[in-house]
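In what follows, a single structure is set out as structure tokens and then discussed.
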Amino acid sequence: MACLIGPDAHRNIVADAAFRIIARDGPDAATISRVARESSFPSEIIRLYFTDTKELLIFVREVAYMQLTCRLDQHDPAHSLADPTATADEKRMAVENALAQFLPVDTERRQDTEAWLACCVHASSRPELEPHIHDLQKSMRLGFPELLSAGQDAGLFADDLDVPLEAERLAVLLDGLTLNALLHPDITGPETMLAVLRQHLDSLRPASG
């Protein structure tokens, strides 16, 4: 786990164990006892942090979200977009690198995405979990309009873009690539995902001439 979620090493180890179980066997398998065995902790230690499986699954979703937030902070394109000396290609690459953090293009991001998606599916049959997952999903999209507007200010994207609509289109594109990559990794691999994202960003550029 590249971005630690806090100062408590035990919780980080528990999160890693839960992610592995969910990736292999689904959220229902991530019980307190299974996570205890996977993490080599006694069940009593796990229960110091989580009273039941519901709390554990909420924690897993929060970890996946925090992992994404951590990666986005590390690839924030704001500096490049505001740099008057940066070329259009450099600005586009900065935006591409930021948005690529949403895609399962490597082992870490794939593990996070598998856990997140599995928990989303699980929440659809657990009404008490749905509001929590909805709030996190909404939070993940909040930065898209700001990113597109910053791209317009930097001359990277066309001035006449419908920013709210393009933000939704971007979210759907990333969701679609992610789902296809998880279901058909032999077809939608990392290079394909990045190529599609790159072409989409190019389509938002100002018209030449």
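The values are calculated or read from the model by the stated rules, or taken from the named source; none is laboratory data. This is a predicted model, so every value here is computed, not measured. Here the Cβ positions follow ideal geometry from the backbone for every residue, glycine too, while neighbour counts run over all protein chains shown.
Set side by side, the residues 206, 190 differ, and just one is closer than 23 Å to residue 111 by Cβ and not aromatic (Phe, Trp, Tyr), which is 190.
Among all positions in region 155-171, there is at least one residue which is closer than 30 Å to residue 24 by Cβ and either more than 19 Å from the chain's Cα centre (by Cα) or at pLDDT below 95 (or both). Scanning region 149-186 for residues that are in contact (Cβ under 8 Å) with a residue 24 or more places away in the chain, of a type outside the set (Asp, Glu), in a loop (DSSP other than H, G, I, E, B) and more than 18 Å from residue 80 (Cα to Cα) yields one hit, 161.
Residue count for region 190-209, restricted to those that are loosely packed, with under 13 Cβ neighbours inside 10 Å and either hydrophobic (A, V, I, L, M, F, W, C) or within 19 Å of the chain's Cα centre (by Cα) (or both): 3.
A search for C-beta distances below 9 Å between a residue of region 58-84 that is buried (at least 17 other Cβ atoms within 10 Å of the Cβ) and modelled with pLDDT of 90 or more and any residue that is assigned to a helix (DSSP H, G or I) and among the polar types (S, T, N, Q), counting only pairs 6+ apart in sequence or on different chains, returns 77/97. The single condition among (1) crowded, with 17+ Cβ neighbours inside 10 Å; (2) in a helix (DSSP H, G or I); (3) not hydrophobic (A, V, I, L, M, F, W, C) that residue 104 does not meet is (2).
Restricting the first member to region 112-130 and to residues that are part of a helix (DSSP H, G or I) and modelled with pLDDT under 70, and the second to residues that are surrounded by 20 or more Cβ atoms within 10 Å (Cβ to Cβ) and small (Gly, Ala, Ser), the beta-carbon pairs closer than 7 Å and six or more apart or on different chains are 130/123.
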